[in-house]
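Visitor: So that we are looking at the same thing, I have put the structure below in structure tokens.
The values are calculated or read from the model by the stated rules, or taken from the named source; none is laboratory data. Quick caveat: nothing in here was measured; it's all calculated off a predicted structure. Here the Cβ is made from the backbone with ideal geometry for all residues, glycine too, and neighbour counts use every protein chain on show. These accessible areas exclude ligands, DNA and RNA; they are computed on the full protein's heavy atoms, side chains included. Shrake-Rupley method; radii C 1.70, N 1.55, O 1.52, S 1.80 Å.
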Amino acid sequence: MILIVENDHDNSIYVARALINHGYDVKIERHLDDAIHFLSTHTPDLILSEAVFPQVNTDGFEFFQRTRLDKRLSPIPFLMMTELGDARIMRAGLRMGVDYFIPKPLHSVTWWQL
């Protein structure tokens, strides 16, 4: 099961459909608080999170750090989505230990190649 944490409705639906079409179970959460609550009772196989959440006090990096502090969640691969060409965010995430970055817009990604 893949947890997608993305506040943009169109992007989250696009990626969820692509993953479902390739046989994955998907859970979408649009808010970080909801994702954290979901993770309190579920253990996904992969987390795919937006890097920047507009108009909230936390971001994908803080969310990533919270998952790494939890022994049950820390081994789960964590991928982040960010605008193509935002090298500063990608470098910071890779230094922190984010496993991979997926460029946005999501329709530019060939999902079957991931």
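Visitor: Largest first, what is the accessible-area ranking of I2, I36 with a 1.4 Å probe?
Guide: Largest accessible area first, the list is I36, I2.
Visitor: Restricting to Cα pairs below 8 Å that are 6+ residues apart, what does the relative contact order work out to for the chain? Please round to a whole percent.
Guide: About 25 percent, as a whole number.
Visitor: OK, next. Please list, in order, the residues from region 22-46 whose amide nitrogen is less than 18 Å from a point placed 7 Å along the Cα→Cβ vector of R72.
Guide: Flagged as within label range: 27, 33-46.
Visitor: Per the Debye formula with a single identical scatterer at each Cα and no solvent contribution, what log10 I(q)/I(0) holds for region 12-77 at q = 0.22, 0.28 Å⁻¹?
Guide: -1.03, -1.38
Visitor: Calculate for the chain the 222 nm mean residue ellipticity that helices alone would give, adding -39,500 (n - 2.57) per DSSP H run of length 4 or more and normalising by residue count, nearest 500 deg cm²/dmol.
Guide: -10500 deg cm²/dmol
Visitor: Okay, next question. Please give, to one decimal in nm, the separation of the simple spin-label points placed at Y100 and H22, each 7 Å out from Cα toward the Cβ.
Guide: Result: 0.7 nm between the two label points.
Visitor: Which of I76, I47, I28 moves most in a GNM of the chain, Cα contacts under 10 Å?
Guide: So, out of I76, I47, I28, the one fluctuating most is I76.
Visitor: Just to be sure I understand, if you calculate Rg/Rh (Cα atoms, Kirkwood Rh) for this structure, which of (i) 1.00; (ii) 0.92; (iii) 1.09 do you get?
Guide: Step by step, Rg/Rh (Cα atoms, Kirkwood Rh) for this structure corresponds to label (ii).
Visitor: I would also like to ask the following. Quick one: pull the percent of accessible area on the chain belonging to carbon and sulfur, 1.4 Å probe, ligands and nucleic acids left out.
Guide: 51
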